[in-house]
Amino acid sequence: MALVVAQEVPTSSSMAVPHGPAGVGQARHRMREQLRSHGVSDSVVDDAVLILSELLSNACRHGRPLGRHTDVGDGDVRAAWRVDRTGGLTVEVTDGGGPTRPVPATPSVTARGGRGLNIISALAEAWGVRDDSSGEVTVWVLVNEGPARPDVRAGGRGNGRPSGTSGLSGVPGVPGFDGLDLADAFDDAG
């Protein structure tokens, strides 16, 4: 007779992600699996995975790796997420800092980038930036799973969506993203 012990998935997780594009898919996959097994709704998981992708891409493009590493592909950034008692999900990415501060841009229609923080603003309840005395920079994003919360715009913006509504069938407020179905765009094959 085999004894099976049920192990609850932790309500928080943290992982080192290689500085560069190589680890982004692995981080998305791990987050998706952990949040789903914790019972987080699919719409919130989809939003969180997209947010994690944007934060990691920004950290690798604009920030240095953690520690004394200076080159892309050398060193790591840190991805973390946690679910609080009310079902609120916080996603964080920490890097070694950089020459600029994270702020939403206003890219031209033909620009290849610059929309990441606008997408995050549309999907998140709030977001902000925390600076550490060691030079590390953490961008945090609050995604709401539970009932509507009071306004917590500590460093970010509300998403303007009713609670529980996924922003993946278009990103309201971001020109060119209305009506797009992004739900499958970030599913990981393995």
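None of the figures in this text is laboratory data; all of them are computed from the coordinates on show. As the structure is a computational prediction, the values presented were derived from the model and not from experiment. Virtual Cβ from ideal backbone geometry, glycine too; neighbours counted across all protein chains shown.
Rounded, prolate or oblate, given the Cα gyration tensor of the stretch 28-139, with a/c below 1.5 counting as rounded? Intermediate values should be presented prior to the final figure.
Numbers: a/c = 1.81, a/b = 1.29, b/c = 1.41.
The shape class here is oblate.
Determine the gain in length on full extension of the stretch ALA22-THR86; use 0.36 nm per residue of separation and subtract their C-alpha separation, reporting nm with one decimal. Numbers along the way, then the final one.
Numbers: separation 64, 0.36 × 64 = 23.04 nm, distance 3.33 nm.
Contour length minus Cα-Cα distance gives 19.7 nm.
The stretch 64-115: percent of C-alpha pairs farther apart than 12 Å?
Numbers: 983 of 1326 pairs.
Cα-Cα pairs of the stretch 64-115 separated by over 12 Å account for 74 percent.
Could you order the peptides 103-113, 85-95 from most to least packed, using the average number of other C-beta atoms within 10 Å per residue? Let's see the in-between values first.
Details: 103-113: 9.7, 85-95: 19.8.
Per-residue Cβ counts within 10 Å, averaged per peptide and sorted highest first, yield 85-95, 103-113.
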